[in-house]
1. Residue by residue, what Karplus-based ³J(HN,Hα) values in Hz, rounded to whole numbers, does region 104-120 have, using 6.51, -1.76 and 1.60 with θ = phi - 60° and x for Gly and Pro?
2. Putting +1 on Lys and Arg Cβ atoms and -1 on Asp and Glu Cβ atoms, find which of 117, 102, 15 reaches farthest to the positive end of the dipole of the chain.
3. Can you list residues whose amide H is under 5 Å from residue 22's amide H, if they're 5+ apart or on another chain and H is modeled 1.01 Å from N?
4. Just how large is the dipole of the chain about the Cα centre, in debye to the nearest 20, putting +1 at every Lys and Arg Cβ and -1 at every Asp and Glu Cβ?
5. Can you give the accessible area of residue 101, probe radius 1.4 Å, in Å² rounded to 10?
6. Compute the whole-percent fraction of alpha carbon pairs in the chain spaced more than 22 Å apart.
7. Dipole of the chain (Lys/Arg Cβ +1, Asp/Glu Cβ -1, origin at the Cα centre): which of 39, 65, 25 lies farthest to the positive side?
Amino acid sequence: MADPESCVFCKIVGGEIPAIVVAESDRALAFRDLNPQAPTHVLVITRDHHTDVGALARADPAALADLVALAARVAADEGLADASAGGHRLVFNTGAGAGQSVFHVHGHVLGGRPMRWPPG
Ligand code: DGP
């Protein structure tokens, strides 16, 4: 689990690592994923370091609400807000076994292609 000093997403928040930022709020930042899995693949993170979405919910529910609102704004900006526009997924991988590789809470906003269920 990365501590804030070595966390790659904290470094993006701090401007030490460049990213393509598409939206931001006082408490959250949205930027394009380095390794996109769909035509739209944007990561939405808190500016503060929290390990995962459950930890964020416990520590700061208002910041989680802000993160989800920013994800909804990104989806709308990308033309993916609702079913008539194709829709989107907001995914929080939580724990290494579920595919989490960066231990700073992030929602994946995915869209622009058909989505299968159940996910792999
Ligand atoms: P997850 O596997 O759910 O922890 O997703 C982590 C995502 O973060 C993965 O899709 C790749 C992305 N990622 C990792 N490092 C960087 C980076 O330095 N810049 C950007 N833009 N994305 C990154």
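1. After applying 6.51 cos²θ - 1.76 cosθ + 1.60, I find 9, 3, 8, x, 8, 9, 10, x, x, 8, x, 10, 8, 9, x, x, x Hz.
2. The one lying farthest along the dipole's positive direction is 117.
3. For residue 22, whose amide H was placed from the backbone, the distant partners under 5 Å are 30, 31, 32.
4. With only Lys, Arg, Asp and Glu charged at Cβ, the dipole is about 400 debye.
5. Rounded to the nearest 10, the figure is 100 Å².
6. 30 percent
7. 39
The values are calculated or read from the model by the stated rules, or taken from the named source; none is laboratory data. Note that the coordinates shown come from a computational prediction; the quantities given were computed from them, not determined experimentally. No Cβ is skipped: glycine too gets one built from the backbone with ideal geometry, and neighbour counts run over all protein chains shown. Each accessible area value is taken on the protein alone, full model and side chains, heavy atoms only, with ligands, DNA and RNA left out. Shrake-Rupley method; radii C 1.70, N 1.55, O 1.52, S 1.80 Å.
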